[in-house]
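Visitor: Sharing a structure with you now.
Nothing in this text is a laboratory measurement; each read-out follows from the coordinates by a stated rule. What you are looking at is a predicted structure, and each value in this text was computed from that prediction instead of being measured. Here the Cβ positions follow ideal geometry from the backbone for every residue, glycine too, while neighbour counts run over all protein chains shown.
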């Protein structure tokens, strides 16, 4: 497996930070809103390499876990520690409570996220990617070449001048994914990226994920799609009611699930 | 009835022959109003966007004041400006009273809260939508403002046109600080008020037609912009 994560020739702006970002450790992490815990004592260590798939019923806390990893929300208790310190832009408000702290990032964030419903700017496809490149402080002279490479990566060359919001669901998700890859992240978080997409669009997204993984990007993906989990996962985190019920290699998870909740989920029972 | 008919004919003649008095008044009105709207946008767009993304003590109070100033009575604004600009006022040495500059300031005072409040609302809604995406990219606070303003451009133009409508129709403030001096500070609205009281209905009517046409043009522009935005799927 190659360790050159750069897509479209985009080297990380903070390449000087030679220490790897991963593993990330969560120790007894809780997250609550208005005094109600939605995540309970989550302890987990996610290392580089393997594609990690997070599964579980609705309300299990899968998306919250991704947002914690991205730094969009912070633990209310417990500790989240990266091997290399970094803070998301959000942390300008005061660091990560109980977790990673450090200097503001000088360039591209090392973790990117693709949300379930992609948030695209009210601009053309090309302008959406150019905006990302500008935010990532890619030099103006390099932007045109890099834009072309990102468009090619997402197979969006024919759509470059089309308003992003008029794309089909699959195309929008491809655009959101290549935009996330514009930062050449060390870890790519995907929150049900193929929910409500047809098989062809799903295949295109999975292909992008695979190519990203082949270049050394750590993949952490939330999915409800059992078939997709079997295709993509090297290891599975199974969550239920805000807790981690199981964290095992994918093969043993699907053949010999250890937890009661996972067995019920895999057998198609309704977990209420 | 006959008097009204002849006033219409005379107004039409003044418009079609580009009567020098009428064109002078129209051009001064446009100069004053466009300058005021430009200043209002220059202040209102960034200030409104700042209010939308920033969180600080007293923000709500400022938002309430800005919203309240949208309905600021023009004569009250004119009175305060008069006190500021009059010879004995703090800005008296600038000798701005009864000049087009004073009228521009007065209209800018009325337009700026409208542009600011509309910008704040539009950008705040957009910021809520973009918030997670922007933060995940490391784009937050003041750095997000240019992106938000650009994406809200169609709605912001509507806000600017609303400000233009308010300024173009305004009479109280410009009358107080401009003085309605012939060939110096006489604009459409003040002329209509004066000429009507004098009984010179044709000039008042001609200017009224120009004002109504401007209002129609503004509304058509707003509708066209909304249509374009929808067609281009930018909304």
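Visitor: Treating the angle as unsigned and between 0 and 90°, give the value, to the nearest 10°, between the Cα long axis of helix B:153-168 and the longest Cα principal axis of chain B.
Guide: So the helix axis and the longest Cα principal axis differ by about 30 degrees.
Visitor: While we're here: Return one number: the angle in degrees, 0 to 90 and rounded to the nearest 10, between the long axis of the Cα atoms of helix B:2-16 and the longest principal axis of the Cα atoms of chain B.
Guide: Approximately 60 degrees, to the nearest 10.
Visitor: If you average the alpha carbon positions of segment A:129-169 and of segment B:184-209, how far apart do those two centres end up, in angstrom?
Guide: When both Cα centres are located, 55 Å separates them.
Visitor: Which three lengths, in whole Å and largest first, does segment B:36-85 cover when its Cα atoms are put on their principal axes?
Guide: Principal extents (Cα only, largest first): 35, 24, 18 Å.
Visitor: Counting partner chain Cβ atoms within 10 Å of every residue's Cβ in A:121-128, what's the average?
Guide: Numbers: counts 9, 14, 5, 2, 0, 0, 2, 0.
So the per-residue partner count for this stretch is 4.
Visitor: How big is the gap, in Å, between the Cα center of segment B:14-84 and the Cα center of segment A:217-266?
Guide: If you average the Cα positions of each part, the centres end up 60 Å apart.
Visitor: Going by C-beta contacts inside 10 Å, put A:19, A:217 in order with the fewest on the left.
Guide: Numbers: A:19 8, A:217 22.
In order of increasing Cβ crowding within 10 Å: A:19, A:217.
Visitor: With N set to the number of residues, divide the alpha-carbon radius of gyration of segment B:23-187 by 2.2 N^0.38 Å and report two decimals. Walk me through the intermediate numbers first.
Guide: Working: Rg = 17.8 Å, N = 165, 2.2 N^0.38 = 15.3 Å.
Dividing the Cα Rg of segment B:23-187 by 2.2 N^0.38 Å gives 1.16.
Visitor: Can I ask one more? Taking other Cβ within 10 Å of each residue's Cβ, how do B:174, A:232, A:178, B:75 sort, fewest first? Provide the component values of the computation, followed by the final result.
Guide: Working: B:174 31, A:232 21, A:178 26, B:75 15.
Taking fewest neighbouring Cβ atoms as first place, the list is B:75, A:232, A:178, B:174.
Visitor: Right, something else. Report the FRET efficiency, 1/(1 + (r/R0)^6), for residue A:134 and residue A:234, where r is their Cβ-Cβ distance and R0 is 51 Å, rounded to 0.05.
Guide: 0.90
Visitor: Just need the Rg to Rh number for segment A:182-225, please, alpha carbons only, Kirkwood Rh. List each step's numbers first, then the result.
Guide: On the way: Rg = 10.6 Å, Rh = 10.9 Å.
That ratio is 0.97, to two decimals.
Visitor: Right, here's the next one. Across the protein assembly as shown, how large is the tail of the calculated P(r) beyond 35 Å, expressed as a percent of all Cα pairs?
Guide: On the way: 63187 of 128271 pairs.
Value for the protein assembly as shown (Cα pairs over 35 Å): 49 percent.
Visitor: Relative contact order for segment B:91-188: what percent, with Cα pairs under 8 Å and sequence separation of 6 or more? Provide the component values of the computation, followed by the final result.
Guide: Details: 71 pairs, mean separation 50.4, N = 98.
In percent, rounded to a whole number, it is 51.
Visitor: Label-point separation (nm) for residue B:67 and residue A:85, each offset 7 Å from Cα along Cα-to-Cβ?
Guide: Distance between the two pseudo-spin positions: 4.2 nm.
Visitor: Is it possible to state the helix-based mean residue ellipticity at 222 nm for chain B, with each DSSP H run of 4+ residues giving -39500 (n - 2.57), the sum divided by total residues, to the nearest 500 deg cm²/dmol? What is it?
Guide: The per-residue figure over chain B is -26000 deg cm²/dmol.
Visitor: Then there is this: At q = 0.24, 0.32 Å⁻¹, what is the base-10 log of I(q)/I(0) for segment A:153-207 according to the Debye formula with one equal point scatterer per Cα and no solvent? Please give it to two decimals.
Guide: Normalising to I(0) and taking log10 leaves -1.02, -1.41.
Visitor: Next question, about the same structure. Once you keep just the Cα pairs under 8 angstrom separated by 6 or more residues, what percentage relative contact order results for chain B? Don't skip to the end; give the middle numbers.
Guide: Working: 296 pairs, mean separation 73.0, N = 235.
This gives 31 percent for chain B.
Visitor: Would you compute, for the Cα atoms of segment B:1-119, the largest minus smallest coordinate along each principal axis and list the three values in descending order, in whole Å?
Guide: 63, 35, 26
Visitor: To continue, here is another question. Rank these for me by crowding, A:51, B:231, A:165, going from fewest to most other beta carbons within 10 Å. The partial results should precede the final answer.
Guide: Numbers: A:51 22, B:231 11, A:165 17.
Exposure proxy ranking, most exposed first: B:231, A:165, A:51.
Visitor: Now, a different point. Hey, for a label at residue A:166 modelled as a point 7 Å past Cα toward Cβ, could you say which residues of segment B:193-235 have their backbone N under 11 Å away?
Guide: B:228-235
Visitor: In degrees, nearest 10, range 0 to 90: what is the angle between the Cα axis of helix B:74-85 and the longest Cα principal axis of chain B?
Guide: 90 degrees
Visitor: How long is the gain from residue B:31 to residue B:198 if the chain were fully straight, where each residue apart is worth 0.36 nm and the alpha carbon distance is subtracted? Write down the numbers at each step before the final one.
Guide: Working: separation 167, 0.36 × 167 = 60.12 nm, distance 2.58 nm.
Gain on stretching residue B:31 to residue B:198: 57.5 nm.
Visitor: If I model a spin label at residue B:56 and residue A:141 as a point 7 Å from the Cα along the Cα→Cβ vector, what separation in nanometres do I get?
Guide: Result: 3.9 nm between the two label points.
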